[in-house]
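One structure is given below, encoded as C-alpha cells.
A short reminder: the numbers here are calculations on the coordinates, not readings from a lab. Please read these numbers as outputs of a predicted model, since none were measured by experiment. Here the Cβ positions follow ideal geometry from the backbone for every residue, glycine too, while neighbour counts run over all protein chains shown.
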Amino acid sequence: MSQADSLQVFTPPADFVSQATISGMEAYRALCAEAEKDYAGFWARLAREHLSWKVPFTRVLDESNAPFFRWFDDGVLNVSYNCLDRNIEAGLGDKTAIIFESDDGSVSRISYRELLARVSRFANALKASGVRKGDRVVIYLPMSVEGVVAMQACARIGATHSVVFGGFSAQSLRDRINDAGAVFLITADGQCRGGKALPLKPIADEALAMGGCESIKKVVVWQRTGADCAMQAGRDVFWGDFVAGQSDVCEPEWVEAEHPLFLLYTSGSTGKPKGVQHSTGGYLLHAVLTMKWTFDLKPDDVFWCTADIGWVTGHTYIAYGPLACGGTQIVFEGVPTYPDAGRFWRMVQDHKASIFYTAPTAVRSLIKAAEATPTVHPRNYDLSSLRLLGSVGEPINPAAWMWFYENVGGSRCPIVDTFWQTETGGHMITPLPGVTPLVPGSCTLPFPGIQAAVVDETGTELDWGKGGILVVKRPWPAMIRTIWGDPERFKRSYYPDDFAGQLYLAGDGAMRDAQTGYFTITGRIDDVLNVSGHRMGTMEIESALVSHPLVAEAAVVGRPDDLTGEAICAFVVLKGVRPEGDAAKKVIKDLQDHVGKEIGPIAKPKDIRFGENLPKTRSGKIMRRLLRSLAKGEEVTQDTSTLENPAILDQLKRNVA
Ligand code: WTA
C-alpha cells in the first residue's frame, strides 16, 4: 500500500507557495532537470550566485582522485567574510544577527556589526598567539554567542575548528584533542543548564592531564558561571584578557575552497569516533542553499534552530547558514523544560520566531509534558509568528508529526522533515515548503541536485516500494572530504568496494513509496544507534563497559523507545559471579556512571542485563539479532541450536533493575 493511501497528505498552503523562494513542483522539477542535464554547471551557477569569492573558481568538480572529490578548488574565499562583512556591506550592519536567551531568561541582541567586531577581536587574539591557517582549535563551550564567535574567528583566520559537545566526558575530549592534534582549546569555567551551574574547565583540565594532549599550547577560558577555576600559569588565559587590546578589524585569511573549515567527530561502526572533515566553499554553498530553499529564509524571518553547536546541526544551521544569509536567529543556552516545559513556546512567542527547527525527541517529550501539565501546552502561547516548522536527527513518528503540525504550527505551517548527516554537511532529502505535499513520517524527496537512491547489496537500484540501502549516486559540494588522519577508513566507510567505490553509503536503510517515490528512512543498517537524535556507536559503548574492572565482556544493542527513539541496552558478562537483586542494581548504577564518565551522560545504557555468557555463533560471533529480540522483550525466533549454553537466554531475558 502506498503511504498516500494510508496517511493524510498535506499540500503546501497557497499563501506559502505564492511567496516561497522555490515555488511549486514545476520549479523544483526544473532545478532537478538542470542538475540532471549539466551536473557541474548546475552547482557552478549556484556557487557563483550565492557565495562571494575573492578569486572566482574556474574548475568545478574534480573526480580524478575519487572518492576524494574536490569542488571549486581554484576558487578562493572566506566563510567569515561571507557570513559577516558582506552583510554589512549590503547595509545590514545594524540588523540583529543573534537574539541570545540565557538559561535564566535574560536576553541580549547582537547586530551584524557588533558580531563582526567581536569575531575580529578574537581572531586577532588567536593570530597574536600564533594560531595559523590549518591549525586545529578545539572548542568545548556551552551554547553561547561566544561559541559562535569562536567558530567564526577560526574561520576568519583559516584555523580548522573542532567543536566538542559540552556533554562529552574528559576522556572523549582528550581523544578528540589527541586525534586532531589541536594547538588551542577554547572552553568555559562552566555552563548553565536548567537553573544549575555545571563545571566545564575542571573536565577540560582532567582531559589535558590524561596525556596525549601535549599539542595544546593555550587554553582560553570564557567566564560564564563565575565559578572558581584553577588556571595553569603560561597555559590558561581568561577570554577577557585574551582579547584585551586587540583591534576589532581583522583582514580575513583568504583560503582555497577545499581548505578544511572544520572537523566534527561522530560515531561510526567501530570503536573510535571519526573526525569528519568539511570543506570551505562546497560546505558553505549547501548551508546557504538549504537556508534559502528548505527554510525559505527571508529578510524578516526570525529563525530558531534548537540544536547545540556541538552537533552538525548547530554548525550548519546556527554558526554558518543563518549568518551567511543575513538572517536573524535565536541562540538558546538552556533546556526545553526549564523553568517549565513551556519554555520553547514562550520563547517563540516572546521573540516572534517564524521558523522553528527542532528534533523529534524534543517534540515527543514536550507532548508528554503538555499532557501532564496543561499549562505548558502550546495552546497557551501566541505562536502566530510561526510560518514554518522543521524536524531533524531521527525519524519523526506520524503521531508526533501531527501534534507538532496542529498544536505548534496551528495546522498552518508546513513541516520540513530534513534527512541528513554529519557527513553530508546539510539537508539531503527534505520537503521544500512551497513545493512538496507532505506525508507525516516521510522526508519526501531529494534536495535539488542530490541524487539519492535505494539499492540492494549489489548496488542495483530497487523498484519503488522495496526497502533497501540508502546511497547517493553523485558527489555533492558539501560532502565529507575525508576522515581526519584516516583516508582509508573514509573510503571503507562511505565508498565501499561492494558498490565498486561508486556510491556514497549513508549507513541508513530507506524505502521509496510505490506511488510517489517519497523516501522514508527505516533506520541505521550499521552498528550505530540513534538515541534522542544523538549518534552512538555500539562498539564505543562496549569498549567503555569493558574498561570497567568488573566487566569481562559486553554487547550493546538498541531497542525502540517511545521517547528517545532508540534506547541503549547492554548485555554484560562480569568477571565474578552474576549478581542478582540489589547487588545487581548497584552494579548497574556503577556501570552506567562509568559509561557516563568514559563517553558522556548521553551514552549511559538504559537497560543492563547480566549473563554468564553472551549468545554466540559457532565461530564466536555475538548473535546481535537475537540480543535485539531479547532487548525488545520479543520471543526469540532465531536459530539457537549453536548456542553452547542455552540457559543464558533465560538469564538475559530478565531485567533485574
Ligand atoms: C538520522 C544529524 C530520519 C539518520 C543531522 C542519519 C534521520 C543520522 C533524519 C545522522 C530524519 C537524521 N529522518 N532519520 N529527518 N535526520 N537522521 O550525523 O540515521 O548526528 O544517518 O546528523 O541521523 O546523524 P547526525
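Table for the structure above
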{"read-out": "Residues with amide H under 5 Å from that of Thr160, placed H, sequence gap 5 or more", "value": "Gly134, Asp135, Arg136, Val137"}
{"read-out": "Zero-based 10 Å bins, Cα pair distances in the chain, whole percents", "value": "3, 15, 26, 28, 19, 7, 1, 0"}
{"read-out": "R0 of 25 Å, Cβ-Cβ distance Glu206-Phe238: FRET efficiency to nearest 0.05", "value": "0.80"}
{"read-out": "Euclidean distance of C-alpha centroids, segment 1-73 and segment 175-215, integer Å", "value": "39 Å"}
{"read-out": "DSSP bridge pairs, segment 226-336: antiparallel proportion in percent, nearest 5", "value": "60 percent"}
{"read-out": "Value at 222 nm in deg cm²/dmol, rounded to 500, when DSSP H runs of n ≥ 4 in the chain each add -39,500 (n - 2.57)", "value": "-8000 deg cm²/dmol"}
{"read-out": "Filter on Lys201/Lys585; Lys201/Lys586; Lys274/Lys653; Lys586/Lys653; Lys585/Lys632 - keep pairs with C-alpha separation over 27 Å", "value": "Lys201/Lys585; Lys201/Lys586; Lys274/Lys653"}
{"read-out": "Of every Cα-Cα pair in segment 262-362, the percent that sits beyond 18 Å", "value": "53 percent"}
{"read-out": "Potential extension, Asp562-Phe68 segment - 0.36 nm per residue separation minus Cα distance", "value": "173.9 nm"}
{"read-out": "For segment 517-534, 3J(HN,Hα) per residue [Karplus equation, 6.51 cos²θ - 1.76 cosθ + 1.60, θ = phi - 60°, Hz, x = Gly/Pro]", "value": "x, 4, 8, 10, 8, 9, x, 5, 9, 10, 8, 10, 9, 10, 10, 6, x, 9"}
{"read-out": "Order of Cys32, Cys192 - criterion: other Cβ atoms within 10 Å of each residue's Cβ, fewest first", "value": "Cys32, Cys192"}
{"read-out": "Within the chain: Cβ-based charge dipole about Cα centre, in debye rounded to nearest 20 (Lys, Arg +1; Asp, Glu -1)", "value": "600 debye"}
{"read-out": "Built amide H within the under 5 Å cut-off of Gly393, gap 5+", "value": "Trp420"}
{"read-out": "Selection from Ala603, Tyr112, Val636, by position along the positive dipole direction of the chain (Cβ)", "value": "Ala603"}
{"read-out": "For the chain, share of DSSP beta bridges that run antiparallel, in % to the nearest 5", "value": "60 percent"}
{"read-out": "Cα gyration tensor, segment 568-640 - rounded (a/c under 1.5), prolate or oblate", "value": "prolate"}
{"read-out": "Gly465 long-range amide H proximity, modeled H, under 5 Å", "value": "Arg512, Asp513, Ala514"}
{"read-out": "Label-point gap, in nm, between Thr522 and Trp464 - each point 7 angstrom along Cα→Cβ", "value": "1.7 nm"}
